[in-house]
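Read the structure below first, then the notes.
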Amino acid sequence: MSQSLLAPLGFSGNLQAISIGRDWYDGNGETLAVTSPIDRSALGSFQMATAGQVDEAVKASVGAFKKLRLIPPPRRGEFVRRFAETLREHHDALSELIVYEVGKITAEARGEVQEMIDVCDFAVGLSRQLYGKTISSERPQHRMAEQWHPLGPAGVISAFNFPTAVWAWNAAVAWVCGDPVIWKPSEKTPLTAIACQLLFQKTLAKDDDFPAEASCLIIGERTTGEALTRDPRVPLISATGSVPMGRAVACTVAERLGRSLLELGGNNAMIVTPSANIDLAIRSITFSAAGTCGQRCTTLRRLIVHESIADRITDKLKDVFARLPIGDPRDGNTLVGPLIDQSALDAMQKALQEAVKQGGIVSGGEQITEGVPSNGCYVRPAIVEIDGSANILQHETFAPILYIVRYQELEQAIAMHNGVPQGLSSAILTSDVAEAEIFVSPAGSDCGIANVNIGTSGAEIGGAFGGEKETGGGRESGSDAWKQYMRRTTNTINYSTDLPLAQGIRFDL
């Protein structure tokens, strides 16, 4: 299967776990059997890399950095522009691969590839806008200025749910900033990583100036990620995944005084006020809660509804959730595909059982076996009506479970909204300008993303993406997130014949 899926992307030969620039190498580790969440059919197998094999990739990346940092940023941007063109040419093939390997419906898979293209376009523009500041000096005939320089190799550790877009967020921006990238993807989605590296190599053929080793790929178990994280030659580690994984990365990188960019748990909430547009609410809630089968870091987990409209909202959502087309993601009529694997299904069922113990009333959530491909983990998205004080609301389950709680006053709703350890995405649905402004004010949402009258999912690449608290504090993609991939230097230039000191200090010989 891997041959037919990867062939349109330039693949031939056997699957290999390591790519350094243009070259591919076999791993020395355990055999990884890749299966599709659609029906658990085999997609391919190969030996994974070991921790000991990370060194060669890092060494090559350090060498590429010495070349890449001297290429003018607009020329680095030209390579990224060409890479975006390569993605456009292979949009269909890469999207199809994502459908098979992740289980996303075709529309969402195509959206992920479009997100890659969009962030490349953003990075191309950014390549001419890596601005520093001119700063007033207190000393006569002195000029102070701020410059931004390339930082060094960036390690990227990504999760299964966005197997290509998260890498592109990092890679496109890192490349225009002058940083090579070493990618350790999820073991659950290695084929899409291989595909991205193939497209990078295809782009290289059109641009001989860009160092091939600016992109390295290492597919391995946790130990390979740990080796990358420990290496002092990699000044930045961008990691997407669970909170426990992020804590481990943060501690390891901090111990060597490196930088970590963390995108971790979400546990996102939405407040629905009495003035909200109900039709808009149902649509935005449904996509945010059920899209990607609840496997987005921005998935809506907690719905905080005013008691005056709670019954109406809940009844409508139950009706919509019961009618959601669930099944084979290759079917154009499907809106909800499978969970990634059995462990995700087990976690969902365990969470629902615990919710019942804590007084929750569950609708949906059952496994679906009829009318869907055999062996896949298909579920009906669940709605759980529960008290706002329930402990289970403090924890995120990476599955389509929507907890509904009720509130009386907006201040109470915001307190419940913020009263969890995570802080990624948030939303309020309201027609009241004051309520909207309070929500996005310092007294409102404590998340990195705060939306009004849209859902928690579907962030655009133009804004900096990331969250606070246990979400990790990292920012990727747009706005000034590029600064994390560069080092700042402050210059003072004396163009006089005197040597005045700052703060009026005199030190005359």
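The values are calculated or read from the model by the stated rules, or taken from the named source; none is laboratory data. Keep in mind it's a predicted model, so treat the numbers as computed, not measured. Positions of Cβ are backbone-derived with ideal geometry, glycine not excepted, and every protein chain shown enters the neighbour counts. To get the accessible areas, we keep the full protein, side chains included, count just its heavy atoms, and leave off ligands, DNA and RNA. Shrake-Rupley method; radii C 1.70, N 1.55, O 1.52, S 1.80 Å.
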*Give me the Kirkwood hydrodynamic radius of the stretch 304-356, using the inverse of the mean 1/r over all pairs of distinct Cα atoms, in Å to one decimal.*
13.6
*asked:* Can you compute the radius of gyration and Dmax for the stretch 1-115, using only the Cα atoms, both in Å?
replied: 16.8, 48
_Just to make sure I understand: if all protein chains stay in place, what is the order of 506, 22 by accessible area at 1.4 Å, largest first?_
506, 22
*Can you pull the one-decimal nm distance between simple spin-label points at residue 330 and residue 499, each 7 Å off the Cα toward Cβ?*
7.6
*Of all the accessible heavy-atom surface of the stretch 38-176, with the other protein chains kept in place and a 1.4 Å probe, what percent is carbon and sulfur?*
50
*With each pseudo-label sitting 7 Å past Cα toward Cβ, what's the residue 247-residue 91 distance in nm, one decimal?*
4.3
_Candidate lysines for bridging to residue 318, where Cα separation is under 25 Å - those fewer than 8 sequence places away on the same chain excluded_ = 104, 350, 357
*Starting from the Cα gyration tensor of the stretch 321-385, multiply each eigenvalue by 5, take the square root, and state the resulting semi-axes largest first in whole Å.*
23, 14, 8
*Between the stretch 79-95 and the stretch 360-376, what's the alpha-carbon centroid distance in Å?*
36
*What accessible area per residue comes out for the stretch 183-259, rounded to a whole number of Å², with a 1.4 Å probe?*
36
*asked:* Output needed for the stretch 195-318: three equivalent-ellipsoid semi-axes, defined as square roots of 5 times the C-alpha gyration tensor eigenvalues, in descending order, whole Å.
replied: 42, 21, 12
*Using alpha carbon centroids, what distance separates the stretch 315-331 and the stretch 1-51, in Å?*
34
_If I fit a long axis through the Cα atoms of helix 190-204 and take the longest principal axis of the Cα atoms of the chain, what angle between them do I get, 0 to 90°, rounded to 10?_
40
*Can you list, largest first and rounded to whole Å, the semi-axes you get for the stretch 252-331 by taking the square root of 5 times each eigenvalue of its Cα gyration tensor?*
33, 19, 8
*Calculate the spin-label point distance for residue 350 paired with residue 131, positioning each point 7 Å from the Cα along the beta-carbon direction, and give it in nanometres.*
5.0
*If you line up the long axis of helix 342-357 against the longest principal axis of the chain, both from Cα atoms, how many degrees apart are they, to the nearest 10?*
60
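Full-extension gain between residue 146 and residue 368, please, as 0.36 nm times their residue separation minus the C-alpha to C-alpha distance.
74.1 nm
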*Take every Cα-Cα distance within the stretch 341-473, group them into 10 Å bins from 0 onward, and report for each bin the whole-number percent of pairs it holds.*
11, 34, 35, 17, 3, 0
*What accessible surface, in Å², does a 1.4 Å probe find on residue 58, ignoring ligands, DNA and RNA and rounding to the nearest 10?*
0
_Reachable aspartates and glutamates from residue 133, criterion Cα separation under 12 angstrom, eight or more residues apart if same chain_ = 146
*How big is the shadow of the Cα convex hull of the chain, averaged over all directions, in nm²?*
27.0
_Taking 0.36 nm per residue of sequence separation and subtracting the Cα-Cα distance, how much length would be gained by fully extending the chain between residue 39 and residue 440, in nm to one decimal?_
140.1 nm
*For the stretch 385-436 and the stretch 165-217, write down the distance between their C-alpha centroids in whole Å.*
38
*Assuming R0 = 56 Å, can you tell me the calculated FRET efficiency for the pair residue 432 and residue 488, based on Cβ-Cβ distance, to the nearest 0.05?*
0.85
*Dividing the alpha-carbon Rg of the stretch 424-497 by 2.2 N^0.38 Å yields what?*
1.58
_Whole-number accessible area per residue in Å² for the stretch 437-509, which is evaluated in the context of all protein chains at 1.4 Å_ = 58
